[in-house]
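Engineer: Input: one structure, supplied below.
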């Protein structure tokens with residue numbers, strides 16, 4: 001009986017989550033998709049920069065060169081900027097759609 005009650009509770013929560021998600025406008029969904037694409041692009045750029053940084057250090061001595069560290073810092077900054085931009089896009093979409101996060 002407890003299993004049935006838990007299953008019913010989870011089903012109710014899932015249905016509620018889907019109904020809230022369905023309340024988003026097409027415009028909000030498009031903006032959130034664009035925000036995710038922005039986030040993904042920043043991650044891809046940062047990953048490429050980190051790979052480039054790794055290629056700078058030809059020794060496997062556990063010590064990073066100054067150039068490698070600087071490139072990794074730049075990669076972190078790109079990733080952070082992409083995340084902030086995507087978050088701002090999502091926040092703006094939520095405000096246009098009544099303030100409820102999607």
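Nothing in this text is a laboratory measurement; each read-out follows from the coordinates by a stated rule. Since this is a predicted model, take the numbers as computed values, not measurements. So basically every Cβ, Gly included, is an ideal-geometry build from the backbone, and we count neighbours across all protein chains shown.
Engineer: Give the residues of region 53-86 that are within 30 Å of residue 30 (Cα to Cα) and in contact with a helix residue (DSSP H, G or I) (Cβ under 8 Å, 6 or more places away or on another chain), sorted by residue number.
Structural biologist: If the condition is that a residue be within 30 Å of residue 30 (Cα to Cα) and in contact with a helix residue (DSSP H, G or I) (Cβ under 8 Å, 6 or more places away or on another chain), then 74, 75, 76, 78, 79, 81, 82, 83, 85, 86 are the ones that fit.
Each row is one residue, and each column tells you yes or no for (1) on the phi < 0 side of the Ramachandran plot; (2) surrounded by 14 or more Cβ atoms within 10 Å (Cβ to Cβ).
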site: 50; (1), (2): yes, yes
site: 53; (1), (2): yes, yes
site: 57; (1), (2): yes, yes
site: 62; (1), (2): no, no
site: 66; (1), (2): yes, no
site: 73; (1), (2): yes, no
site: 80; (1), (2): yes, no
site: 83; (1), (2): yes, yes
site: 86; (1), (2): yes, yes
